[in-house]
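**Student:** Here it is, the structure, as structure tokens.
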Amino acid sequence: MYSTLLTELSQGIFIITINRPDKLNALNTQVFTDIENAVDEIQSNPEIKSAIITGAGPKAFVAGADIAEFANYTKEQAMALSKRGQDIFFKIENSKKPIVAAVNGFALGGGCELAMACHFRLASENAKFGQPEVNLGLIPGYGGTQRLTQLVGKGKSMELHMTAHLIDANEALQLGLVNHVTTAETLMERTKDILQIIQSKAPIAISKLIECINIAATPDHLDNGYGKEVAAFGDCFATEDMKEGTTAFLEKRKANFKGS
Ligand code: COA
């Protein structure tokens, strides 16, 4: 179904593996189309409760946008590519179901941007992160200047972008770019364990958390973030799952959420 992705659905978790290992899973036009369609599938398929994005092979998550495609781009084509990349990554960021990056090697340029568009990130010990676009006379085009700054702060973001310096998984952990560092062998299991915990919670409440927390990372948060939280809090009270969750607590039993 997807020529550049491997997909698998197990226990509600949809695993998307970007599958161009000979090109270190670089993001070309087809990968973008496939990722967009896969994110749509996550929203439309009720069997899918959450998703993981990872890369094929032992070396790379995604080593960036496919530089080979850049060669003859005009300014207008470059802007269109940037807008398309940003729009697809917004779809990931605004997914109603959790999407987590399992970073299994190089996450450079567009690869780092893809990981940052996910709701959070785990990394294996061999992962390397960076925005090395200045080496090519470029800057990031898929949201990197914005999301890296949100995640690690302005000064560190400036330095990482300007120097093109790559950081390892432990530095990414210290900076808050990733939440956990694992061995290469345990990366997928650890990511799945966290998603199983999330899948045991009320799905509507999880989707409302995504909406509210996404606003906190934007300049709109003072105007809209608190208001969004009020509305989302109210929305949760109108769900069956909220009745089930509070009743289960009072009856001293485990809640059985239905997603309604
Ligand atoms: N776009 C297109 N092809 C890429 C790529 C990218 N972003 N990253 C890697 N590749 C290709 C290489 O051209 C090579 O293809 P080939 O075997 O047909 O020559 C293959 O993937 C393996 O990469 P290679 O460079 O030989 O591996 P390495 O282990 O020596 O180096 C990296 C790994 C990640 C350090 C190096 O590939 C690199 O710097 N990639 C570009 C990173 C980058 O600038 N990303 C931002 C793009 S905007």
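**Student:** May I ask you to evaluate 6.51 cos²θ - 1.76 cosθ + 1.60, the Karplus curve with θ = phi - 60°, for each residue of the range 132-139 and list the ³J(HN,Hα) values in order in whole Hz, giving x for glycine and proline?
**Tutor:** Result, rounded to whole Hz: x, 4, 4, 4, 9, x, 10, 10.
**Student:** Still on this structure, I have one more. Using the Karplus equation 6.51 cos²θ - 1.76 cosθ + 1.60 (θ = phi - 60°), what ³J(HN,Hα) coupling, rounded to whole Hz, does each residue of the range 107-112 give in order, writing x for Gly and Pro?
**Tutor:** 10, 10, x, x, x, 5
**Student:** Which of the listed residues, V31, M242, F129, is farthest toward the dipole's positive end in the chain, when Lys, Arg count +1 and Asp, Glu count -1 at the beta-carbon?
**Tutor:** Checking the options against the dipole of the chain, the answer is M242.
**Student:** Enter the angle in degrees (range 0 to 90, nearest 10) between the Cα long axis of helix 75-93 and the first principal axis of the Cα atoms of the chain, meaning the one along which they spread out most.
**Tutor:** For 75-93 against the chain, the angle is about 30 degrees.
**Student:** Show me the ranking of peptides 184-191, 46-53 by mean Cβ neighbours inside 10 Å, starting with the highest. Write down the numbers at each step before the final one.
**Tutor:** Values: 184-191: 16.1, 46-53: 19.2.
Ranking, from highest mean packing down: 46-53, 184-191.
**Student:** If one takes the longest principal axis of the Cα atoms in the chain, at what angle in degrees, from 0 to 90 and to the nearest 10, does the Cα axis of helix 203-216 lie?
**Tutor:** So the helix axis and the longest Cα principal axis differ by about 50 degrees.
**Student:** Among the DSSP beta bridges whose two residues both lie in the chain, what percent are antiparallel, rounded to the nearest 5?
**Tutor:** Details: 8 of 30 bridges.
Looking only at bridges with both residues in the chain, the antiparallel portion is about 25 percent.
**Student:** Still on this structure: Can you give me the angle between helix 29-44 and the longest principal axis of the chain, using Cα atoms only, in degrees from 0 to 90, rounded to the nearest 10?
**Tutor:** The two axes meet at around 0 degrees.
**Student:** Same structure, new question: Report the relative contact order of the chain, percent, no decimals, based on alpha-carbon pairs under 8 angstrom and at least 6 residues apart.
**Tutor:** On the way: 453 pairs, mean separation 38.6, N = 260.
Worked out over the chain, it gives 15 percent.
**Student:** Another question about this same structure. What accessible area, in Å² to the nearest ten, does a 1.4 Å probe give for S10?
**Tutor:** Counting only protein heavy atoms, the figure is 50 Å².
**Student:** While we're on this one: Using a 1.4 Å probe, what is the accessible area per residue for the range 5-187, in Å²?
**Tutor:** 44
**Student:** Additional query: Sequence-distant or interchain residues sharing an amide H contact under 5 Å with F14, placed H: which?
**Tutor:** So F14 has HN proximity to K49, S50, A51, I52.
**Student:** For T182, which sequence-distant residues (separation of 5 or more, or a different chain) have an amide H within less than 5 Å of its own amide H, given hydrogens modelled in the peptide plane?
**Tutor:** A123, S124, E125
**Student:** Which entries in the list K201/K252; K96/K258; K49/K243; K201/K228; K23/K97; K91/K192 go over 24 Å, if you measure between the two C-alpha atoms of each? Each step should come with its number before you reach the end.
**Tutor:** Details: K201/K252 16 Å; K96/K258 15 Å; K49/K243 21 Å; K201/K228 21 Å; K23/K97 29 Å; K91/K192 22 Å.
Where the Cα-Cα span goes over 24 Å, the pairs concerned are K23/K97.
**Student:** Putting +1 on Lys and Arg Cβ atoms and -1 on Asp and Glu Cβ atoms, find which of S207, A80, T149 reaches farthest to the positive end of the dipole of the chain.
**Tutor:** S207
**Student:** Could you work out the relative contact order of the range 4-84, using alpha carbon pairs under 8 angstrom and six or more residues apart, expressed as a whole percent?
**Tutor:** 34
**Student:** Once you list every other residue whose beta carbon is under 14 Å from the beta carbon of P21, what net charge do they have if Lys and Arg are +1 and Asp and Glu are -1? Don't skip to the end; give the middle numbers.
**Tutor:** Numbers: positive: R20, K23, K59; negative: D22, D66.
After counting each charged neighbour, the total is +1.
**Student:** Over the range 85-144, calculate the relative contact order: mean separation of alpha carbon pairs under 8 Å at least 6 apart, over the residue count, as a percent.
**Tutor:** Details: 89 pairs, mean separation 23.5, N = 60.
Over the range 85-144, the number comes to 39 percent.
**Student:** Name the residues whose placed amide hydrogens come within less than 5 Å of the amide hydrogen of A26, ignoring near sequence neighbours (fewer than 5 apart) on the same chain.
**Tutor:** Distant-sequence amide H within range of A26: A63.
**Student:** Something else now. What list of ³J(HN,Hα) values in whole Hz, one per residue of the range 176-191 in order, does the Karplus curve 6.51 cos²θ - 1.76 cosθ + 1.60 (θ = phi - 60°) give from phi, with Gly and Pro shown as x?
**Tutor:** With coefficients 6.51, -1.76 and 1.60, one gets x, 6, 10, 8, 8, 10, 10, 6, 4, 5, 9, 4, 5, 4, 5, 5 Hz.
**Student:** Under a Cβ-only charge scheme (Lys and Arg +1, Asp and Glu -1), can you give me the dipole magnitude of the range 5-187 about the Cα centre, in debye to the nearest 20? Don't skip to the answer; put the middle values down first.
**Tutor:** Working: 15 positive and 19 negative charges, 74 e Å.
Magnitude of the dipole: close to 360 debye.
**Student:** Please enumerate, by chain and number, the lysines with C-alpha under 21 Å from the C-alpha of K154, excluding those fewer than 8 residues away in the same chain.
**Tutor:** Once the sequence-local lysines are set aside, what remains near K154 is K128.
The values are calculated or read from the model by the stated rules, or taken from the named source; none is laboratory data. The structure presented is a predicted model; accordingly, all values stated were derived computationally and were not measured. Neighbour counts run over all protein chains shown; Cβ positions are idealised from the backbone, glycine included. In case anyone asks, the SASA skips ligands and DNA or RNA and just uses the protein heavy atoms, side chains included. Shrake-Rupley method; radii C 1.70, N 1.55, O 1.52, S 1.80 Å.
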